[in-house]
Every structure is written in C-alpha cells, then in structure tokens.
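Please read the structure below before turning to the comments.
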Amino acid sequence: MSLVVSKFGGTSMADANCMLRSSDVSLQRKSNIIVVSATSGTTNDLILLGDLAEKGQLTEVEALLKKITERHTQIAKELSADEQTTTHLQELFSELDSIARGIFLLRDCSAKAKDVLMSLGERMSSALFVVALRQVFKKQNHKTKVGLLDARTVIKTDEQFGKAKPLFDKIIQLCKENLQDCIKGETVYVTQGFIGQTLNGSTTTLGRGGSDYSAALFAEGISANTLEIWTDVAGVATTDPRICPDAVVIDEISFKEMSELATFGAKVLHPATLLPAIRSHIPVLVASSFEPQKAGTWVRKEVKNSPLIRAMALRKNQTLVTVSTPEMLHTHGFLFQIFKIFNDHKISIDAITTSEISVSVTLDNADSLNKSLLEELGKVADVQVEKNLSLVSLIGNNINHTPGLAMKIFEVITDVNVRMICYGASRHNFCFLVDEAKGAEVIQKLHRQFIT
Ligand code: ADP
Ligand code: ASP
Ligand code: MG
C-alpha cells in the first residue's frame with residue numbers, strides 16, 4: 001500500500017468551503033495523514049493577542065478573543081459540526097480565554113506561554129477539518145474511519161520554545177508504535193502542523209511556517225511514499241509570484257536546489273521540511289488546493305533537467321555585520337573566535353565573505369543582534385552593522401563553474417549598489433545583498449534576463 005501525508009496551509013483552511021475543498025483533495029489523493037495549519041490569519045492574531053495581553057490592553061484583548069472564537073464558530077456552524085466537536089471547540093475557546101487572561105494578569109507572555117497560545121490555532125482548525133473530511137467521506141460513500149490525532153503525542157521536541165527542534169528518533173518510534181491503524185489503512189488521521197511537545201509535556205512550536213516541517217516528520221515517521229504540500233499557488237514557481245506575476249511553475253526541482261530556494265526566502269516551503277524527506281527518500285509534491293487538477297511541482301533527488309538558473313528568491317530583513325581587525329593579518333584562530341561568539345548566542349549565519357582582515361556575515365533579522373553579542377564581538381574587533389538589506393539568490397546548477405555568469409547578472413543591475421557577494425561555495429546558489437528598497441526590482445530584472 002502506498003502511504004501519503006498531505007499538508008494543507010492556512011489559506012487552504014480559511015473557511016468551511018476551503019476545508020471541504022481540501023477534504024475533497026485528501027479523498028482523491030488517498031491521504032493517510034492530513035496535517036493542517038491554523039485557519040488563515042489565526043496564528044498572527046494569536047501572536048497579537050499575546051502582545052496585547054502582555055501590554056495590559058484588556059479591551060483589545062477581549063475584542064480579538066471574540067474575533068477568533070467567532071471565526072471558528074462560524075466555520076463550525078457552516079459545517080453543521082456534531083455535538084462532540086462543538087464541546088471540544090468550547091473547551092479550546094475557554095483555554096484560549098484563560099491563557100490570554102493569565103498573560104494579562106502577569107503582564108508576561110513568555111516564549112513558553114506563547115507556544116501554548118499559538119498551538120490553539122492548529123488545535124481549533126484540525127477539530128473543524130475532521131468534520132469537513134467526515135462529511136466528504138460520507139458523501140462519497142468512503143468507509144475509512146477519520147480520527148483526530150493530537151500531534152503532541154508524537155512530535156516530541158527539545159525545549160527551545162518558539163523554534164523547537166524535533167527529536168527525530170523518538171518521533172519515528174512513536175509513529176511506529178501509535179499509528180499502526182493508519183499505516184494499515186484502517187484510519188485516516190487529521191492532525192496539527194506546527195506544534196510539538198517536550199518530553200516533560202510542555203507544548204512547543206517549530207517556528208513560523210512549521211506545518212510543512214511537521215508533515216515531513218509524519219511522512220518520515222510512517223515511511224510514507226509521498227509528502228504533499230497543498231497551498232495557494234500551483235507549485236514552486238521560478239520566483240515569488242507576488243514579486244513577479246510572470247513567474248512560471250516549475251514541474252520538477254531537485255532536493256538540493258529546493259533546499260537552497262527555501263532557505264534563501266521562498267516561503268512556499270519551510271526550509272527544514274526537506275531534511276526528513278531527503279533522509280528518507282520521500283518525494284514531495286507542492287500544489288494548489290484551489291486548482292488540484294494542475295500538475296504542481298515535484299521535489300525529488302533525481303530530476304531530468306538541470307538548468308543553470310532554475311529560480312530566484314528574495315530574503316528580506318537582512319542585517320550585515322562586518323567584523324574587522326588588522327590583528328587578523330597572518331594569524332590563526334580569528335574566524336574561530338568570531339564564529340564561537342555567534343554560536344554562543346545561538347545565532348544562525350546565512351552568508352559569509354572574508355578578506356585578510358575582515359569577515360562579513362548576514363543575519364536574518366536585527367532583533368537577534370543583542371547588546372551582549374555586539375559587546376563580545378567589540379572586544380576582539382571593530383564591528384559595523386548595516387540594516388535594511390535584502391539577499392537576492394539565484395538558484396540552479398553548476399553555478400560556480402560557469403564562466404561569464406557574474407557578468408550576465410550584474411550587467412542588468414548596473415544602477416544597484418551591491419553590498420556583498422557570495423559566489424563559489426555552492427554549485428546551486430549565487431547570492432548577493434542589496435538595499436531593501438531595490439530587492440523586488442532586482443528580482444524582476446534578473447527574472448527577465450534569465451527566465452522569461
Ligand atoms: P501556506 O499557508 O499554504 O503554507 P505560504 O504563504 O506559507 O502558504 O506559502 C505560499 C506562498 O509562498 C505563496 O502564496 C507565494 O506568495 C510564496 N512564494 C514565495 N516564493 C515562491 C515560489 N518560488 N514559488 C511559489 N510561491 C512562492
Ligand atoms: N500556523 C503556523 C504559522 O502561521 C504554521 C504554518 O502555517 O505552517 O506560522
Ligand atoms: Mg507555509
């Protein structure tokens with residue numbers, strides 16, 4: 001039997017119609033596990049709720065609580081939810097209310113509390129999706145049982161609240177132990193993306209956009225044959241269609257290229273999603289739940305074509321930190337010292353260039369640049385920080401072995417100030433930093449030069 005894990009993102013869960021449409025897709029695709037996101041906009045609302053409660057703005061907190069509960073009550077009503085689901089939703093609403101009031105009273109929204117708060121988005125949406133799926137199964141006279149699975153019983157993580165790391169071996173073990181009925185095709189499970197649990201029982205989340213990652217973990221856990229990511233675009237495009245409306249959907253892309261594309265800004269797939277898929281050789285389909293008849297994009301180990309430039313991505317909100325000291329000249333250990341400081345602060349660096357006396361690194365957002373990190377760096381070298389930059393990446397094959405490529409890139413953007421270039425380390429990626437304000441324009445020009 002072929003096992004399929006399907007994930008539906010926020011827009012595919014937006015209202016009762018979306019849930020029914022996504023349920024239809026699940027039935028057609030014979031999904032064994034369905035991993036769902038919170039309904040569109042709900043995670044953002046829950047984060048805002050935590051902020052408002054922490055600031056003591058009770059009137060706004062109450063208004064937002066009402067908005068969130070009404071949104072879900074409306075979907076339950078439209079789906080004619082059964083009594084058990086209605087009671088379950090009421091319990092979730094009351095948990096939401098208690099947590100918001102707890103944060104308000106304490107004026108403290110810790111990362112741990114925020115994770116419980118955010119988990120409610122997926123816990124509410126999954127309860128509703130079960131109703132939609134049962135309805136579609138019944139209509140099509142499909143007899144397989146539908147069950148709601150609490151993802152936290154399986155997705156065990158470490159204690160980094162807000163960006164928890166999955167405990168892979170434990171997850172695989174728990175999937176094998178607890179999901180036999182699903183593996184045998186007797187039950188279809190609907191479960192939550194994004195959320196997990198520490199071994200001590202505290203709720204965690206895997207970072208924004210993490211439902212894709214959850215789906216990949218489930219796929220690995222049950223040794224699925226296919227992982228499907230159903231979203232609001234018809235597949236992975238040559239660039240973000242919001243930046244370039246003439247971006248075209250790619251029919252096939254390799255794991256290596258897709259990892260670079262996701263890491264360097266293509267929001268269509270959470271960057272960590274491919275780790276379990278690559279490890280366990282699971283091909284990934286990215287497609288639109290709104291147009292499921294379209295072929296979508298297959299992400300696989302081996303692909304037929306390997307073009308020089310396949311796609312491009314823009315990663316906004318980049319900060320460039322340049323650390324320089326003449327003492328670096330002809331000495332050893334300087335890079336080690338610098339990277340150790342970043343490591344001690346758990347800061348992830350994306351792109352790096354070095355010269356004899358300086359090293360420049362890019363970081364995802366300026367928030368991670370705390371005072372103590374800058375002080376420690378300042379003890380060993382001069383530190384310069386530049387903000388409001390965007391990282392432009394071109395993704396493809398054999399990039400570092402192609403003469404004349406850099407010239408072709410830069411000749412179309414001669415009017416743009418390029419702050420840093422990373423070229424040579426990867427066969428699959430060429431990236432450089434530009435001013436945030438120029439990012440979209442640069443992508444549009446490069447897309448015209450290399451793709452359309
Ligand atoms: P979901 O809620 O389904 O997880 P996301 O909003 O996280 O959806 O991801 C889908 C969005 O990713 C698309 O609407 C699109 O704007 C954006 N995106 C960025 N880069 C790409 C790309 N190369 N191809 C397709 N979509 C992209
Ligand atoms: N609901 C979470 C978010 O909005 C996770 C996800 O949708 O992937 O970030
Ligand atoms: Mg997403």
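How about the stretch 146-218: which strands (runs of 3 or more DSSP E) wholly inside it have at least 2 residues that are touching a helix residue (DSSP H, G or I) at 6+ places or on another chain (Cβ under 8 Å) and closer than 29 Å to ASP24 by Cα?
187-192, 195-198
Quick check, is ILE253 touching a residue at least 60 places away in the same chain (Cβ under 8 Å) and either within 16 Å of ligand 2 (Cβ to nearest atom) or part of a strand (DSSP E or B) (or both)?
When the stated conditions are applied, ILE253 does not pass them.
Can you tell me which of (1) part of a loop (DSSP other than H, G, I, E, B); (2) away from ligand 2 (no atom under 16 Å from the Cβ); (3) open to solvent by less than 20 Å² (accessible area, probe 1.4 Å); (4) in contact with a Gly (Cβ under 9 Å, 6 or more places away or on another chain) is the one ILE282 doesn't meet?
Failing condition for ILE282: (4).
Exactly one of (1) open to solvent by 10 Å² or more (accessible area, probe 1.4 Å); (2) within 26 Å of GLN135 (Cβ to Cβ); (3) touching a residue at least 60 places away in the same chain (Cβ under 8 Å) is unmet by GLU186. Its number?
(3)
Restricting to the stretch 369-385, give me the number of residues that are assigned to a helix (DSSP H, G or I) and in contact (Cβ under 8 Å) with a residue 40 or more places away in the chain.
2
Could you please find all residues in the stretch 129-140 being surrounded by fewer than 14 Cβ atoms within 10 Å (Cβ to Cβ) and part of a helix (DSSP H, G or I)?
Correct list: LYS138, LYS139.
For the stretch 300-317, indicate whether the set of residues that are touching a residue at least 12 places away in the same chain (Cβ under 8 Å), surrounded by 22 or more Cβ atoms within 10 Å (Cβ to Cβ), within 23 Å of ARG208 (Cα to Cα) and among the basic types (Lys, Arg) is non-empty.
yes
Can you tell me which residue within the stretch 141-159, out of those that are open to solvent by 70 Å² or more (accessible area, probe 1.4 Å) and modelled with pLDDT of 95 or more, is farthest from ligand 2 (Cβ to nearest atom)?
LYS145
Here are the criteria: (1) open to solvent by 10 Å² or more (accessible area, probe 1.4 Å); (2) more than 14 Å from ligand 2 (Cβ to nearest atom). Tell me which single one THR239 does not satisfy.
Status for THR239: all satisfied but (1).
Looking only at residues in the stretch 220-250 that are β-branched (Val, Ile, Thr) and not in a loop (DSSP other than H, G, I, E, B), which one is farthest from ILE282 (Cα to Cα)?
Checking each candidate, the answer is VAL249.
In the stretch 325-354, what residues are of a type in the set (Gly, Ala, Ser), outside any loop (DSSP other than H, G, I, E, B) and surrounded by fewer than 17 Cβ atoms within 10 Å (Cβ to Cβ)?
none
Select from the stretch 157-172 the residues that are closer than 19 Å to ALA224 by Cα and of a type outside the set (Asp, Glu) and write down the one among them that is nearest to the chain's Cα centre (by Cα).
Among residues in the stretch 157-172 that are closer than 19 Å to ALA224 by Cα and of a type outside the set (Asp, Glu), the one nearest to the chain's Cα centre (by Cα) is PRO166.
For ASP212, only one of the following conditions fails: (1) within 16 Å of ligand 2 (Cβ to nearest atom); (2) farther than 27 Å from VAL131 by Cβ. What is its number?
(2) is the only condition that ASP212 fails.
Could you list, ordered by first residue, the pairs with Cβ atoms under 6 Å in which the first is in the stretch 265-279 and among the hydroxyl-bearing types (Ser, Thr, Tyr) and the second is part of a helix (DSSP H, G or I) and at pLDDT 95 or above, at least 6 apart or interchain?
THR273/ASP212; THR273/TYR213; THR273/ALA216
Of the numbered conditions (1) within 22 Å of GLU257 (Cβ to Cβ); (2) outside any helix (DSSP H, G or I), THR414 fails exactly one; give the number of that condition.
(1)
Please count how many residues of the stretch 127-173 are without any contact (Cβ under 8 Å) to a residue 24 or more places away in the chain and within 23 Å of LYS114 (Cβ to Cβ).
Total meeting the criteria: 1.
When you look at ILE229, is it open to solvent by less than 30 Å² (accessible area, probe 1.4 Å), at negative phi, hydrophobic (A, V, I, L, M, F, W, C) and away from ligand 2 (no atom under 16 Å from the Cβ), yes or no?
No: the conditions fail for ILE229.
The values are calculated or read from the model by the stated rules, or taken from the named source; none is laboratory data. What you see is a predicted model; the values in this text were computed from it and never measured. Backbone-built Cβ (ideal geometry, glycine too); neighbour counts: all protein chains shown. Side chains are part of the model used for accessible areas, which takes the heavy atoms of the whole protein and leaves out ligands, DNA and RNA. Shrake-Rupley method; radii C 1.70, N 1.55, O 1.52, S 1.80 Å.
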